[in-house]
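Note sheet for the following structure.
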């Protein structure tokens, strides 16, 4: 480890302790252990060097929300039926074409998540969009997350036949049903049928299958982190956290109007970074404003944007450590 690394860690650990102390309910936050803090310090240095060098990089995750509507009743989400203040918008086909054309020109090899704060199957065009994305982005990893409310085996086959790589089904249910292990009827039926279908079990190794369809039973009234201050049932922080956030280095979120937000947790796109109707994806992603915010967040300064100011997300995942070789 370099001399610089040695001096970066104490400062980072101090910031992480500060991060915990500023919570109203510190016990609700998953603790960041020493090994994770060390890796975070290394990643911060890697990303600082990337910014200093001017080395171009692509987002590892692009969220493409083609319809701004959900049919779920999750109490932790502003986009739920009971809470959503947004208009019901459909992304025009021409805008979908523009986004996919630009990604194709970049030979985009990372994750395209065809959803954000919505239920993607409510957009009846989603199957055609998967076909289009698969055709134009042969290297990309195409992903959809659904709450499963309207899911059927017919829809599953259509999505995968059209080129989907993985489907996540988050079956949000009342707490009593989750504790009893009870899925909604259609999801329970699908889960049973999948047991006899080898196609969706993926590769077997290490004692397990790498499932291509992952079904999870979740509580719709759960209290999670506050999602950039937008979660209706979350504990709000008293002051901004002083902890790095890596999301602006890895994630680009586009809503149905073409607006680009800094983070998928910012449901209302208060962190407006641009609009793909007016500029290219890379003009927005590589803008001076984006890099200014990236530098602020690497330093743990979350006062740079209102959504960041209110957010209690720890701001990193083990996946980005792996992707950056740390």
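Which of the residues that make up the range 248-269 are more than 18 Å from residue 320 (Cβ to Cβ) and either part of a strand (DSSP E or B) or free of Cβ contacts under 8 Å to residues at least 24 places away in the same chain (or both)?
Answer for the range 248-269, where residues must be more than 18 Å from residue 320 (Cβ to Cβ) and either part of a strand (DSSP E or B) or free of Cβ contacts under 8 Å to residues at least 24 places away in the same chain (or both): 254, 259, 260, 261, 269.
Looking at the structure I just gave you, is residue 112 at pLDDT 95 or above and assigned to a helix (DSSP H, G or I)?
In short, no.
Given the criteria over 24 Å from the mean Cα position of the chain (by Cα), modelled with pLDDT of 95 or more, over 25 Å from residue 268 (Cα atoms) and not in a loop (DSSP other than H, G, I, E, B), does residue 189 qualify?
For residue 189, the condition - over 24 Å from the mean Cα position of the chain (by Cα), modelled with pLDDT of 95 or more, over 25 Å from residue 268 (Cα atoms) and not in a loop (DSSP other than H, G, I, E, B) - is met.
Select, from 289, 323, the only residue that is touching a residue at least 60 places away in the same chain (Cβ under 8 Å) and under 27 Å from residue 106 (Cβ atoms).
Of 289, 323, the one residue that is touching a residue at least 60 places away in the same chain (Cβ under 8 Å) and under 27 Å from residue 106 (Cβ atoms) is 323.
Residues being more than 11 Å from residue 121 (Cα to Cα), in contact (Cβ under 8 Å) with a residue 12 or more places away in the chain and not in a loop (DSSP other than H, G, I, E, B): count how many of those fall in the range 131-155.
Final tally of qualifying residues: 10.
Can you name the residue in the range 206-247 that is assigned to a strand (DSSP E or B) and without any contact (Cβ under 8 Å) to a residue 12 or more places away in the chain and, of all such residues, is surrounded by the most Cβ atoms within 10 Å (Cβ to Cβ)?
This residue is 209.
Inspect all residues belonging to the range 279-287 and state whether any of them is closer than 14 Å to residue 247 by Cβ, assigned to a helix (DSSP H, G or I) and out of contact with any helix residue (DSSP H, G or I) (no Cβ under 6 Å at 6 or more places or on another chain).
Looking through the range 279-287, at least one residue is closer than 14 Å to residue 247 by Cβ, assigned to a helix (DSSP H, G or I) and out of contact with any helix residue (DSSP H, G or I) (no Cβ under 6 Å at 6 or more places or on another chain).
What residue, of 92, 138, 120, is modelled with pLDDT of 95 or more and buried (at least 21 other Cβ atoms within 10 Å of the Cβ)?
When all the criteria are applied, what remains is 120.
The values are calculated or read from the model by the stated rules, or taken from the named source; none is laboratory data. As the structure is a computational prediction, the values presented were derived from the model and not from experiment. Neighbour counts run over all protein chains shown; Cβ positions are idealised from the backbone, glycine included.
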